[in-house]
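In what follows, a structure is listed as structure tokens, so that the remarks can point back to it.
The values are calculated or read from the model by the stated rules, or taken from the named source; none is laboratory data. Because the structure is predicted, anything quoted here is derived from the model rather than measured. Methodologically, a virtual Cβ is constructed for each residue, glycine included, from the backbone with ideal geometry; neighbour enumeration extends over all protein chains shown. Ligands, DNA and RNA are stripped out before the accessible areas are found, and what is left, the full protein with its side chains, is counted by its heavy atoms. Shrake-Rupley method; radii C 1.70, N 1.55, O 1.52, S 1.80 Å.
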Amino acid sequence: LIGESNETIVFMHGSSFTDLIDIGSMITKLSLSEYHSMTNPPELKEVSMFGLEVSVADGSLLNYNGYIECILKIPFIELELYVPVLIVPDTNFNRTCPVIIGTNVLKIYSDLWEGQRYERNFNIMQK
């Protein structure tokens, strides 16, 4: 690793967690132990009906316990999103950084930011 990792704080369903903003991950994940630590956790839902298979960097399949739908807020962005989050078994990494924010969330924030930037530029051009 060169430089600092891309970690920040994220709020999920009213609980705060350390997260890694990871443009190499397509999905957003939360560790099982941190899911259980939530004060009022959302319902853990089955993924089996979707036939979801998620591969990790080495090509092996990612184990998961299900998914939740929750309100997610990144402090430096003034927008809350209602997003699906996979609940994954605990690992050495997610014991210290229990959330990975993937492109399923980052793309939404990016699109919204681009829309706001376009609107600002359009308003300046109209003056």
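Worth pointing out:
- Accessible carbon and sulfur surface of the chain relative to its total accessible area, %, 1.4 Å: 55
- Among 101-114, 25-38, the order from most to least packed when residues are scored by Cβ within 10 Å on average: 25-38, 101-114
- Accessible solvent surface per residue of the chain, calculated while the other protein chains remain in place, 1.4 angstrom probe, Å²: 66
- Cα-based shape type of region 1-93, given that a ≥ b ≥ c are square roots of the gyration tensor eigenvalues and the cut on a/c is 1.5: oblate
- For peptides 86-96, 10-20, sequence by mean Cβ density within 10 Å, most packed first: 10-20, 86-96
- Long-range lysine pairs (8 or more apart or interchain), the chain, Cα under 24 Å: 6
- Against the main long axis of the alpha-carbon atoms of the chain, helix 103-126 sits at an angle near 10°.
- Pairwise centroid distance, computed over Cα atoms, of region 58-83 with region 1-39, Å: 8
- Converting phi to 3J(HN,Hα) with the Karplus coefficients 6.51, -1.76 and 1.60 and the offset θ = phi - 60°, region 59-66 yields x, 6, 7, 7, 7, 8, 9, x Hz in sequence order, with x at every glycine or proline.
- Within the chain, antiparallel bridges make up roughly 75 percent of the DSSP beta bridges whose residues both belong there.
- Computed [θ] at 222 nm, helices only, for the chain once each DSSP H run of length n ≥ 4 contributes -39500 (n - 2.57): -7500 deg cm²/dmol
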